[in-house]
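J.: After the structure tokens below, expect a handful of questions from me.
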């Protein structure tokens, strides 16, 4: 029995993955499966850059805007949901088109990581969250760096929930959280994926697109959306994971009167550029990535080239082999 095919459009923010994924789904008889750790949340369509209603109408989409912002969600949860969704799409005779920029989600899904959920202690977790609240997230992150430098390097210092989870595993198992993936890796991957990564050789072109997209988000109502979310976070006992998303956390100090709007907007652009740089580093290390250089290409030309690469994969050995 052949493993299911998955076309994965993965890469940095603001490279046009949404439009490329929709176009390829239309041309190849596919359905889009989001691979974004923030687009899963309800009520935050602008700041998380969810596809617009018009874009959603152009192809079937899955795993977008389905989760309340206060509900827990892990990479393990994502892998389970995405695997179920991919199975359903394949059963319909359609092509799953994975689209997003969350490298951990993509790697865990496509390589078949089975997460060990045994190391859990609610009391310890509450204690760690309390430490983060009292001493700040940087103190908690420093503690993780001392216990597991490699694991800490893969987590943003301000992502408190992931830092807490990593510390929880370290303290309960006595071993590094970073070893979990190695322990959990299955014997073989569950899919036959083709990873297509849109990118720019000229980094300044990408940074310019990021700056323009932030301006467009503000025109679309990001400030109002973020303020409503800020009020929600003020009422919540523990800030939800989405509160650490770029576009919200930079505006919260503005709502608190600690910075100007201009400074907050510039911070959003700066953090978005830094995030794109981290994404570029992540996907450049993927051994099976096929890069689509967008310098000098119109969106239509990028779609034509992406479609040609995907069709070659479908027609060639990568599309026909790998019996499992």
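J.: Taking the options 208, 257, 228, name whichever one is surrounded by fewer than 17 Cβ atoms within 10 Å (Cβ to Cβ) and not in a helix (DSSP H, G or I). Give the steps one after another, and end with the answer.
T.: Details: 208 fails: not in a helix (DSSP H, G or I); 228 fails: not in a helix (DSSP H, G or I).
Result of the check over 208, 257, 228: 257.
J.: Determine if segment 186-198 includes at least one residue that is exposed (fewer than 14 other Cβ atoms within 10 Å of the Cβ) and over 26 Å from residue 9 (Cβ atoms). Please lay out each step first, then the result.
T.: Within segment 186-198, the subset exposed (fewer than 14 other Cβ atoms within 10 Å of the Cβ) is 186-188.
Then drop every residue that is not over 26 Å from residue 9 (Cβ atoms), which leaves 187.
Yes, segment 186-198 contains at least one residue that is exposed (fewer than 14 other Cβ atoms within 10 Å of the Cβ) and over 26 Å from residue 9 (Cβ atoms).
J.: Another one. Of all residues in segment 103-150 being modelled with pLDDT of 80 or more and outside any helix (DSSP H, G or I), which is nearest to the chain's Cα centre (by Cα)?
T.: It comes out as 112.
J.: Further question on the same structure: Give 20, 56, 67, 28 a once-over and let me know the one that is surrounded by 22 or more Cβ atoms within 10 Å (Cβ to Cβ) and in the same structural domain as residue 197 (by TED's automatic domain parsing). Break it down into steps so the answer makes sense when it comes.
T.: Working: 56 fails: surrounded by 22 or more Cβ atoms within 10 Å (Cβ to Cβ); 67 fails: surrounded by 22 or more Cβ atoms within 10 Å (Cβ to Cβ); 28 fails: surrounded by 22 or more Cβ atoms within 10 Å (Cβ to Cβ).
Testing whether each residue is surrounded by 22 or more Cβ atoms within 10 Å (Cβ to Cβ) and in the same structural domain as residue 197 (by TED's automatic domain parsing) leaves just 20.
J.: Could you tell me which residue of segment 231-242 is modelled with the highest pLDDT, considering only residues that are within 17 Å of residue 50 (Cβ to Cβ) and part of a helix (DSSP H, G or I)?
T.: Step one: of segment 231-242, the residues within 17 Å of residue 50 (Cβ to Cβ) are 240-242.
Next, from what is left, pick out any that are part of a helix (DSSP H, G or I): 241-242.
Values: 241: 86, 242: 91.
Across segment 231-242, the extreme among qualifying residues is 242.
J.: Taking the options 192, 185, name whichever one is at pLDDT 85 or above and in contact with a strand residue (DSSP E or B) (Cβ under 7 Å, 6 or more places away or on another chain).
T.: On the way: 185 fails: at pLDDT 85 or above.
Exactly one of 192, 185 is at pLDDT 85 or above and in contact with a strand residue (DSSP E or B) (Cβ under 7 Å, 6 or more places away or on another chain), namely 192.
J.: Continuing with this model, one more query. Determine whether residue 171 is farther than 30 Å from residue 307 by Cβ, touching a helix residue (DSSP H, G or I) at 6+ places or on another chain (Cβ under 8 Å), assigned to a helix (DSSP H, G or I) and not assigned by TED's automatic domain parsing to the domain that holds residue 68.
T.: yes
J.: Determine, yes or no, whether residue 58 is at pLDDT 95 or above, farther than 30 Å from residue 234 by Cα and in a loop (DSSP other than H, G, I, E, B).
T.: Values: at pLDDT 95 or above: yes; farther than 30 Å from residue 234 by Cα: yes; in a loop (DSSP other than H, G, I, E, B): yes.
For residue 58, the condition - at pLDDT 95 or above, farther than 30 Å from residue 234 by Cα and in a loop (DSSP other than H, G, I, E, B) - is met.
J.: Would you point out which residue out of 262, 271 is in a helix (DSSP H, G or I) and farther than 29 Å from residue 66 by Cβ? Can you show your working first?
T.: Numbers: 271 fails: farther than 29 Å from residue 66 by Cβ.
After applying the criteria, what remains is 262.
J.: I've got another one for you. For residue 249, state whether it is in the same structural domain as residue 314 (by TED's automatic domain parsing), farther than 30 Å from residue 315 by Cα, in contact with a helix residue (DSSP H, G or I) (Cβ under 7 Å, 6 or more places away or on another chain) and at pLDDT 85 or above. Break it down into steps so the answer makes sense when it comes.
T.: Values: in the same structural domain as residue 314 (by TED's automatic domain parsing): yes; farther than 30 Å from residue 315 by Cα: yes; in contact with a helix residue (DSSP H, G or I) (Cβ under 7 Å, 6 or more places away or on another chain): yes; at pLDDT 85 or above: yes.
Yes: the conditions hold for residue 249.
J.: Give the residue that is nearest to the chain's Cα centre (by Cα), with candidates limited to residues of segment 277-308 that are within 18 Å of residue 157 (Cβ to Cβ) and surrounded by 12 or more Cβ atoms within 10 Å (Cβ to Cβ). Give the derivation first.
T.: First, the residues of segment 277-308 that are within 18 Å of residue 157 (Cβ to Cβ): 277-279, 281-282.
Right, trim to surrounded by 12 or more Cβ atoms within 10 Å (Cβ to Cβ) and you get 277-279, 282.
Details: 277: 14, 278: 12, 279: 9, 282: 12 Å.
Filtering first and then ranking leaves 279.
J.: Counting only residues that are farther than 24 Å from residue 12 by Cβ and in contact with a strand residue (DSSP E or B) (Cβ under 9 Å, 6 or more places away or on another chain), which one in segment 88-107 is surrounded by the most Cβ atoms within 10 Å (Cβ to Cβ)?
T.: Selected residue: 89.
J.: What number goes with the only condition from (1) in contact (Cβ under 8 Å) with a residue 24 or more places away in the chain; (2) surrounded by 14 or more Cβ atoms within 10 Å (Cβ to Cβ) that residue 150 does not pass?
T.: Against the list (1) in contact (Cβ under 8 Å) with a residue 24 or more places away in the chain; (2) surrounded by 14 or more Cβ atoms within 10 Å (Cβ to Cβ), residue 150 comes up short only on (2).
J.: Within segment 61-97, track down each residue that is part of a strand (DSSP E or B) and touching a helix residue (DSSP H, G or I) at 6+ places or on another chain (Cβ under 7 Å). Show your work before the answer.
T.: From segment 61-97, those part of a strand (DSSP E or B) are 61-62, 67, 95-97; that's our starting set.
62, 95, 96, 97 - these are the residues of segment 61-97 that are part of a strand (DSSP E or B) and touching a helix residue (DSSP H, G or I) at 6+ places or on another chain (Cβ under 7 Å).
The values are calculated or read from the model by the stated rules, or taken from the named source; none is laboratory data. Remember, predicted model here, so these are calculated numbers, not experimental data. Using ideal geometry, Cβ is built from the backbone for each residue, glycine included, and neighbour counts are taken over all protein chains shown.
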